[in-house]
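> Would you mind keeping the following structure in view while I ask a few things?
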Amino acid sequence: MNVLEGKAVFEGIAIGKLYVYKKKEQSVKREKVSDAKAEIERYHAAKDMAIKQLQELYDKAVKEVGEAGAEIFEAHQFMVDDGDYIDSVENIIQSEGVNAEFAVAQTGDVFHNMFIEMDDEYFKGRATDVKDITERLISCLMGSSSGDIVSDEPVIVVADDLAPSETVQMDKEKILSFVTVHGSANSHTSILAKTMNIPAIIGCDISLSDEMDGKEAIVDGFEGKVYVEPTTEILEEKKGLLQKEIEKKELLEKLKGKDNVTIDGQRINLYANIGNTKDLGLVLKNDAGGIGLFRSEFIYLGADDYPTEEEQFAIYKQVAQAMNKKKVIIRTLDIGADKQADYFNLPKEENPAMGLRAIRICLTSPDIFKTQLRAILRASAYGNISIMFPMIISVDEVKRIKEIVSEVKAELDADGISYDKDIELGIMIETPAAVMIAEELAKEVDFFSVGTNDLTQYTLAIDRQNQSLDDFYDAHHPGLLRMLKMIVDGAHKGGAWAGICGELGSDLSLTKEFLAMGYDELSVSPGRILPLRQVVLETNVGEYKKEKGYI
């Protein structure tokens, strides 16, 4: 038996034979061409063909993994049609008089290396996307096609790396899991794996030799391990775990429609976090009680210019109507730091996580802020919408926000436009400063939602994007947990309810702790709703408090 380790990107157990997936080799040679114009036309024909293929992949992915999982193929279409990419290819063909395949390959290398060298992990992950569209364009130019799984039974796919288009083109009935030598936890491939519920491991030093093909193996997505030719003892142990996982999923399905109430009668709301309207299907499918965090910044990040009031209104209205009177909490614009939109022309900062971001941009650019507020308020007439403001550090900020909201309401009244006059206003608690004045802040708003990702990095003074600090990053730090208790206590004393919308909200090892603290709501990714509900239904909060010595 050979045991290999990597980084798990989705939990689960897979048992089966290894299938070494190798990309179809495409050898690109530099060739001189006499008619550059004709070669550019050939490139554009290949580009159109690639876009058509990507649209077909999108349609296929929507059926198999839903719109959120298929979104990458829309992004790839935009990348294939990117002006800078096209200009680079055309310039190489014209200036060097070379074939389109070579020009595309050269352009792909430049763009791939540009992304790889970026500090941000998200953009590093986009390097794989550049490589994928480049190979697709070359395939279209050469008239070749990508490979697929050739097997009569489901297999564990092993590869150097997998592009999103490759994972979607594969027959899902034949995939038990995938293991890659390279890859990023932030890549779209990893996101697709999670959406497909496929156990997956990246960064595994597994051989891609022909000798590995067909060998019996086990992928343990809990431990991040691959067992090649496992012993009988290990095989039986993992079969037991696999059966438990199957039974667990079946039981979770039976929790749909049940109230989120503990054994001793404590109720908590379980809401979902979303980034766009395409996630609505998953929210409803997983029986979320509402949307606890609609990240409105993705409307801005996906645009080439400031989205208009009408554009935003249409989106907010759609979400409100789809949720059919269930609560929808829309967070106002939260860009800056690791989320940048070029047209905002934000200054380069030495420490963007502590710079001009979120509510600070809104308060220094009131026209942008008011446009968004008008759109949200107008949409509130069509459902149960609340507004949440990020990165608050003072009572004065909240008072200024409320003044602007009142100004917008007065404008809507003057125009005779309907809206929810009693719309709830809330704030995100993400800084130690906000924690320390929680009670005073609560007197100004209707609710709190704790952004544990930023609160953790600001409390521990650790950049959460810096992988080299992973060993120091402790999301369960006692200082942080004490802050979380201070927040909910301050909220309730000041007359507000409190929830958590950061990553810690989905940490099942802390669910009982949050119930004991008295949190009113947890907002998580849609797929975590039912596992959370199971913990809630099985918890006796009073007994847990006695056990922990809280009472």
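> Output ³J(HN,Hα) for region 244-257: one whole-Hz value per residue in order, computed from phi by the Karplus curve 6.51 cos²θ - 1.76 cosθ + 1.60 with θ = phi - 60°, and x for Gly and Pro.
The phi angles translate into 5, 5, 4, 5, 5, 5, 5, 5, 4, 4, 6, 7, 5, x Hz.
> What 222 nm value per residue comes from the helices of the chain, counting each DSSP H run with n ≥ 4 as -39,500 (n - 2.57) and dividing by all residues, nearest 500 deg cm²/dmol? Numbers along the way, then the final one.
On the way: 20 runs with 259 residues, N = 551.
-15000 deg cm²/dmol, from helical runs alone.
> So for region 382-537, considering every pair of alpha-carbon atoms, how many percent are separated by more than 25 Å?
36
> Taking θ = phi - 60°, what integer Hz values does the Karplus form 6.51 cos²θ - 1.76 cosθ + 1.60 yield along region 430-447, in sequence order, with x for Gly and Pro?
10, 10, x, 4, 5, 4, 5, 10, 4, 5, 5, 5, 4, 5, 9, 10, 8, 7
> Give the relative contact order (percent, whole number) for the chain; include only Cα pairs under 8 Å separated by 6+ residues.
In percent, rounded to a whole number, it is 14.
> Run the simple label-point estimate for Asp264 and Asp171 please: 7 Å along Cα→C-beta, distance reported in nm.
Result: 5.5 nm between the two label points.
> Set the Förster distance to 35 Å, then compute FRET efficiency between Glu247 and Ala475 from the Cβ-Cβ distance, nearest 0.05.
The formula returns an efficiency of 0.75 here.
> Can you list residues whose amide H is under 5 Å from Asp160's amide H, if they're 5+ apart or on another chain and H is modeled 1.01 Å from N?
Val181
> Let me ask something else about it. Per residue, how much accessible area does the chain show when a 1.4 Å probe rolls over the protein heavy atoms, in square angstrom? Walk me through the intermediate numbers first.
On the way: 25370 Å² over 551 residues.
Result: 46 Å² per residue.
> Taking R0 as 35 Å, what FRET efficiency do you get between Glu407 and Lys278 from their Cβ-Cβ distance, rounded to the nearest 0.05?
E between Glu407 and Lys278, to the nearest 0.05, is 0.60.
> Something else: Enumerate the calculated ³J(HN,Hα) couplings along region 277-288 in order (Karplus 6.51 cos²θ - 1.76 cosθ + 1.60, θ = phi - 60°), each rounded to whole Hz, writing x wherever the residue is Gly or Pro.
Couplings: 5, 5, 7, 4, x, 5, 4, 6, 4, 8, 6, 5 Hz.
> Next question, about the same structure. The list (1) 28.1, 85; (2) 30.2, 97; (3) 25.5, 85 gives values of Rg and Dmax of the Cα atoms in Å, and only one came from this structure; which label was calculated from it?
(3)
> How large is the charge dipole for region 503-546, taken about the Cα centre, if only the Cβ atoms of Lys, Arg (+1) and Asp, Glu (-1) carry charge, to the nearest 20 debye?
Details: 5 positive and 7 negative charges, 27 e Å.
Once rounded to the nearest 20, the dipole reads 140 debye.
> Right, another one. Could you give the angle, 0 to 90 degrees to the nearest 10, between helix 366-379's Cα long axis and the longest principal axis of the Cα atoms of the chain?
Once rounded, the angle reads 80 degrees.
> Helix 478-493 versus the longest principal axis of the chain: what is the Cα-based angle in degrees, 0 to 90, to the nearest 10?
On a 0 to 90 degree scale, this one is about 50.
> Going by alpha carbons, how many degrees (0 to 90, nearest 10) lie between the helix axis of 36-80 and the longest principal axis of the chain?
Between the helix axis and the principal axis of the chain, the angle is about 50 degrees.
> Here's a follow-up. List every residue whose amide H lies under 5 Å from the amide H of Asp287, counting only residues 5 or more places away in sequence or on a different chain, with H placed 1.01 Å from N in the peptide plane.
So Asp287 has HN proximity to no qualifying residue.
> Could you pull out the pairs from Lys124/Lys244; Lys238/Lys546; Lys17/Lys60 whose alpha carbons sit more than 29 Å apart here?
Details: Lys124/Lys244 36 Å; Lys238/Lys546 36 Å; Lys17/Lys60 26 Å.
The answer is Lys124/Lys244; Lys238/Lys546.
> Next up: Compute the distance in nm between two label points, each set 7 Å from the Cα along the Cα-to-Cβ direction, one at Met142 and one at Glu5.
3.8
> Shifting gears a bit: Using the per-residue mean of other Cβ atoms lying within 10 Å as a proxy for protection, in what order, highest first, do the peptides 234-241, 455-462 fall?
455-462, 234-241
> Which distance in Å, rounded to a whole number, links the C-alpha centroids of region 246-303 and region 429-449?
25
> Sequence-distant or interchain residues sharing an amide H contact under 5 Å with Lys327, placed H: which?
Ile291
The values are calculated or read from the model by the stated rules, or taken from the named source; none is laboratory data. Since this is a predicted model, take the numbers as computed values, not measurements. We place every Cβ from the backbone using ideal geometry, glycine too, and count neighbours over all the protein chains shown. Side chains are part of the model used for accessible areas, which takes the heavy atoms of the whole protein and leaves out ligands, DNA and RNA. Shrake-Rupley method; radii C 1.70, N 1.55, O 1.52, S 1.80 Å.
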